[in-house]
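**Student:** Questions regarding the structure given below will be posed in turn.
The values are calculated or read from the model by the stated rules, or taken from the named source; none is laboratory data. In this text the structure is predicted, and so the values were computed from the model without any measurement. A quick note on method: Cβ atoms are made from the backbone with ideal geometry, for glycine too, and the neighbour counts reach across all protein chains shown.
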Amino acid sequence: MEKKFVFIGKLAKIAKINLTTVKYYSKIGLLLYLQFAKNKNRVYDLEKSRKRLSEIKKLKNRGYTLEMIKKEFKKRKRNKL
């Protein structure tokens, strides 16, 4: 399956999340972008980012704070290694 990459605005629209929220999640390290395009926009892997945003939403609905979510993702990453 071919990977699809999108700019931040398109990701926000597809995920139905405010653009400012996507930028904030990127800034604090919850959502990783691949690179800045020549026009300074962030480029995201669509499927990975949609999955990550869905996970963040689920954890927030369970009462997790953003700091708790960051720790959960770090824990999952360590367990994969």
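**Student:** Consider Arg76 carefully, then state whether it is of a type in the set (D, E, K, R), modelled with pLDDT under 95 and not in a loop (DSSP other than H, G, I, E, B).
**Tutor:** yes
**Student:** While we're here: Filter segment 1-60 down to the residues that are aromatic (Phe, Trp, Tyr) and part of a helix (DSSP H, G or I), then identify the one that is nearest to Lys74 (Cα to Cα).
**Tutor:** Tyr25
**Student:** Please identify the pairs in which a residue from segment 27-39 that is farther than 20 Å from Ser54 by Cβ has its Cβ atom under 9 Å from the Cβ atom of a residue that is modelled with pLDDT of 90 or more and surrounded by 13 or more Cβ atoms within 10 Å (Cβ to Cβ), counting only partners at least 6 apart or on another chain.
**Tutor:** So the pair list comes out as Gln35/Val43; Phe36/Val43; Ala37/Phe7; Ala37/Val43; Asn39/Phe7.
**Student:** Something else about it: Name the residue, out of Glu2, Glu47, that is free of Cβ contacts under 8 Å to residues at least 40 places away in the same chain, on the phi < 0 side of the Ramachandran plot and not hydroxyl-bearing (Ser, Thr, Tyr).
**Tutor:** Working: Glu47 fails: free of Cβ contacts under 8 Å to residues at least 40 places away in the same chain.
Checking each option against the conditions leaves just Glu2.
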